[in-house]
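Only one structure is covered here, and it is reproduced in the block below.
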Amino acid sequence: MVEALGDGAVISTVNLAEVLSRAADSGADPAQRAEDLAERGLLGAAITLEPFTEADAIEVARLRPLTRSAGLSLGDRACLALARRLGVRALTADSSWAEAAHGVQVEQIRPLVTGGGSCQAPEHG
């Protein structure tokens, strides 16, 4: 995954909430985890935080009936909506995204594993 982030990546505020919620589930302080990610040069540097917009919300809702059979969560659809809006590929470890992307380029970072995704920014320079 580090290689995939080499050109930079973008994550929506919705997907950051997912990441921090998982940290909280394991007993970590979400604010501390966000600070740790920033200090390690991930959040705000290698990974840019993008606000979730009204247009994203509409796209997430539009994707719901189209992706229900693949089992995509709200967070999964938020990532796809952001990738569509920014015109970038979506990175995921979830194999079910390939058939449910509906026009968004999806790249699997760990085939045959289920779990969330990240939206990669276009190459710089």
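Brief remarks follow.
- With respect to (1) in contact (Cβ under 8 Å) with a residue 60 or more places away in the chain; (2) open to solvent by 70 Å² or more (accessible area, probe 1.4 Å), the lone exception for C79 is condition (2).
- Any hit, the stretch 52-61, residues being open to solvent by 60 Å² or more (accessible area, probe 1.4 Å), part of a loop (DSSP other than H, G, I, E, B) and under 22 Å from H102 (Cα atoms): yes
- Residues within the stretch 20-51 that are surrounded by fewer than 18 Cβ atoms within 10 Å (Cβ to Cβ) and under 15 Å from the mean Cα position of the chain (by Cα), tallied: 8
- If the condition is being modelled with pLDDT under 80 and either assigned to a loop (DSSP other than H, G, I, E, B) or closer than 23 Å to E54 by Cα (or both), then the stretch 87-102 contributes A100, A101.
- Of the listed requirements (1) open to solvent by 30 Å² or more (accessible area, probe 1.4 Å); (2) more than 13 Å from V104 (Cα to Cα); (3) not in a strand (DSSP E or B), R84 misses just one: (2).
- Considering (1) open to solvent by 50 Å² or more (accessible area, probe 1.4 Å); (2) touching a Gly at 6+ places or on another chain (Cβ under 9 Å), the lone condition that N15 does not fulfil carries the number (1).
The values are calculated or read from the model by the stated rules, or taken from the named source; none is laboratory data. This structure is a prediction, so every number in the text was calculated from the model and none was measured. Ideal geometry is used to build each Cβ from the backbone, glycine not excepted, and the neighbour counts take in all protein chains shown. Surface accessibility is based on the protein's heavy atoms, side chains included, excluding ligands, DNA and RNA. Shrake-Rupley method; radii C 1.70, N 1.55, O 1.52, S 1.80 Å.
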